[in-house]
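The structure under discussion appears below in the form of C-alpha cells.
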Amino acid sequence: MPGSSQRKGAIRKKPRGNPTAGSGGRVRRGLEGKGPTPKAVDRVKHPAHKRAKAAERAKERERAPRRQARKDGDATVEWVYGRNPVVEALRAGVPASALHVAEGTERDARLREALLVAVETGVSVLEVPRTELDRVTAGGSHQGVALQIPPYEYAHPDDLVARAHDLGEVPLIVALDGVTDPRNLGAITRSAAAFGAHGVVVPERRTASMSASAWKTSAGAAARIPVARAGNLNRALKSYKDAGLLIIGLDMDGAVELPEFEAATEPVVLVIGSEGKGLARLVRENCDLIVSIPMTSAAESLNAGIAAGVTLYEISRRRAS
C-alpha cells in the first residue's frame, strides 16, 4: 500500500536493547502444587490448632496437684485453733506441721493432752508471742493454742483407676457433685475406705475441700484412701467412661432401686449429688444409670454422707457374694 513503511508478510524484527527477562521457572514450579493441605490442627494460625493447644494446657493444669488452703505469709497453710478443736484434730490424726502455744498460756487438762499427743506423734511444739497467734488466726478465739496444718496433696483422677488395677480389684470410685460441707466429704471418705472404694473425686470449684474439718470427720480414713481433684468433673466422668467404668448417679428419682442394682459388680463410679439440688444436669446426662435408695414416705431424703454409706455397703455386699 502506498505510504506504508512495512510490506505485507514481512518478518518483524525484535527491538534492539536488553532482552526481556524470563520467569526462571517460577511459573512452572507454581503450577506443580505444594502437596496435600495440612490438617487444621497442624496449622499454627488456625483456630483448631489454638483450641488443641489450650486443651493440652488445661490437661496439664488438671494433672498438677491441687491445694486448697489459706495463705499465711509466704506459706500456704491452714490453722485449727481453740483448745477443743486442736485436741480433736490431734486425736483424729490430722497431719500437722506444728503446734503453736502462746507464751504464758495456762496449761489446763486440754492443753496438756494436746502437748502430749503432739510429742507422741512427732508434731513440733513452738512457743510464740500471743500477738503471733492473733495474726495467724485473724483475731479468732484461739485460747492460746493453734495447730498448723499443711495443704492436702490431692491425687489425679486417673490415679484411682491405676490403684484398683495395681491391687487387682474391680474399680470402685466415688465422685462428689456439689457437696459443699467438709463434714460430708469426711464422712463419705470414711465410708469409701470402709467399703473398699479406691478413691474419692471432688471438683476443683464449688465443693468441699479436704480441710481439717473433713480430716476429723473421716476419723483418719483420709490417710488410707486418696482424694483426687478434677478441674472439670464432667470431663473426668467421660474419661472414666472411656476407660470402661459405669457412671452411676445416686438420686431419689432414680430409675432403678438399690436392691435391684445388679451392675454393682462391674467397674463403677458412684456419683453423689448435693443434698439440696441433687445431681447437676450435665452430670446426670453423663450417667449410664440413676439409682435410688428406697425409703418410706415419712423420709424425704438422706444426708449425702449417709446415702453414700448405704450405697457403698450394698455394692460391697454384692461384690463379696
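A few points about this structure:
- Enumeration of residues in the stretch 222-239 that are in a helix (DSSP H, G or I) and under 13 Å from the mean Cα position of the chain (by Cα): Leu233, Asn234, Arg235, Ala236, Leu237, Ser239
Per-residue answers, yes or no, for (1) of a type in the set (Val, Ile, Thr); (2) at pLDDT 90 or above; (3) part of a loop (DSSP other than H, G, I, E, B):
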position: Ile248; (1), (2), (3): yes, yes, no
position: Met252; (1), (2), (3): no, no, yes
position: Val269; (1), (2), (3): yes, yes, no
position: Cys287; (1), (2), (3): no, yes, yes
position: Val291; (1), (2), (3): yes, yes, no
position: Met295; (1), (2), (3): no, no, yes
position: Gly305; (1), (2), (3): no, yes, no
position: Leu312; (1), (2), (3): no, yes, no
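- Any pair with Cβ under 9 angstrom, 6 or more apart, that starts in the stretch 102-130 at a residue that is in contact (Cβ under 8 Å) with a residue 40 or more places away in the chain and ends at one that is among the hydroxyl-bearing types (Ser, Thr, Tyr): Ala102/Thr131
- Scan the stretch 124-139 for residues that are part of a loop (DSSP other than H, G, I, E, B) and closer than 15 Å to Thr105 by Cβ and the total you get is 2.
- Residue check for Gly254: open to solvent by less than 30 Å² (accessible area, probe 1.4 Å), free of Cβ contacts under 8 Å to residues at least 40 places away in the same chain, over 18 Å from Ala192 (Cβ atoms) and over 19 Å from the mean Cα position of the chain (by Cα): yes
- Residues that are at pLDDT 95 or above, closer than 18 Å to Arg284 by Cα and in contact with a helix residue (DSSP H, G or I) (Cβ under 6 Å, 6 or more places away or on another chain) do not occur anywhere in the stretch 218-230.
- Evaluation of Gly276 against (1) open to solvent by less than 60 Å² (accessible area, probe 1.4 Å); (2) in a loop (DSSP other than H, G, I, E, B); (3) among the small types (Gly, Ala, Ser) (one fails), failing number: (1)
- Candidates Ala263, Ala243: the one that is more than 18 Å from Ala193 (Cα to Cα), under 18 Å from the mean Cα position of the chain (by Cα) and surrounded by fewer than 17 Cβ atoms within 10 Å (Cβ to Cβ) is Ala243.
The values are calculated or read from the model by the stated rules, or taken from the named source; none is laboratory data. Just so you know, these numbers come straight off a predicted model, no measurement behind them. Note: ideal-geometry Cβ built from the backbone for every residue, glycine included; neighbour counts use all protein chains shown. Keep in mind that these areas ignore ligands, DNA and RNA; they rest on the heavy atoms of the full protein, side chains included. Shrake-Rupley method; radii C 1.70, N 1.55, O 1.52, S 1.80 Å.
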